[in-house]
Structure formats: C-alpha cells, structure tokens
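The values are calculated or read from the model by the stated rules, or taken from the named source; none is laboratory data. Everything numeric here is computed off the predicted structure, so don't read it as measured data. Virtual Cβ from ideal backbone geometry, glycine too; neighbours counted across all protein chains shown.
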C-alpha cells in the first residue's frame, strides 16, 4: 500500500497522473497484443502450409483492392468456413494493419473522454482520419 502511494506521489511530482500511466500501459498492450496476434496467425499459416505442401511460400496477390475490400473478402471466407493457410495469413496481415489504427483510436478516446483535452483530441482525430482514408486507397 505504501508502494502505491509512493508511486502516485512520484508520478504527481513529475507531472504525470495515474491516468497518464494507465494510458501508456493501454497503448503498449494494444501494440503488444496486435503484433503478437499477427505473429501467431502468420506463423500458424506458414507451418500449416509447410505441412500440407512441403513449401513455406504463398502465391497470391492482394493488389487491386483497398484494405476494406480485402477485409470484407477474407471475413466472408472465414464465415463460410473456408479455413485454410491463406486465410490465416490474411488475418495476420489484417491484425497487423489494424493495430496502429486501434492505438490511435484509443488515444483519441482517451484525450476526449478522460482528459477532455480538445487540442490533442483534434490532432489525434486528424491522424485517425488520415489513417482511415489511407485504408481506402488501393
């Protein structure tokens, strides 16, 4: 209990609140979980592909479609039960691409709701808008 009070006093003396520290942890966990999920899916796809064919390579392209078209196509395949190594690889790519998007979204919500800091909220909303627009580009 004393340790927690000391940490809070140290954070307060350095100009940080416990909310700031919690947000740093949240952002760190979002990045860690997103990259970890992506890594597990890609490795599972590669191992599955290797066990099926004896090769670790995939021969498919995702050019000619934006991220949302790619996402909808792969989710539709997953819903219809078309589980295969390529789908796992695609889901790994999707998880990796959504990780920074979710991180910025969480930051924006934190600035708006917890801190009520409108300047940072506007800046973060702009970054989120740019990220969203970039996902619609081909």
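Assorted remarks:
- Hey, residue 137 touching a residue at least 40 places away in the same chain (Cβ under 8 Å), surrounded by fewer than 18 Cβ atoms within 10 Å (Cβ to Cβ) and more than 12 Å from the chain's Cα centre (by Cα) or not: yes
- The set of residues from region 50-90 being closer than 30 Å to residue 121 by Cα and surrounded by 17 or more Cβ atoms within 10 Å (Cβ to Cβ) comprises 67, 70, 71.
- Out of 33, 47, sole residue that is at pLDDT 90 or above, surrounded by 13 or more Cβ atoms within 10 Å (Cβ to Cβ) and over 18 Å from residue 94 (Cα atoms): 47
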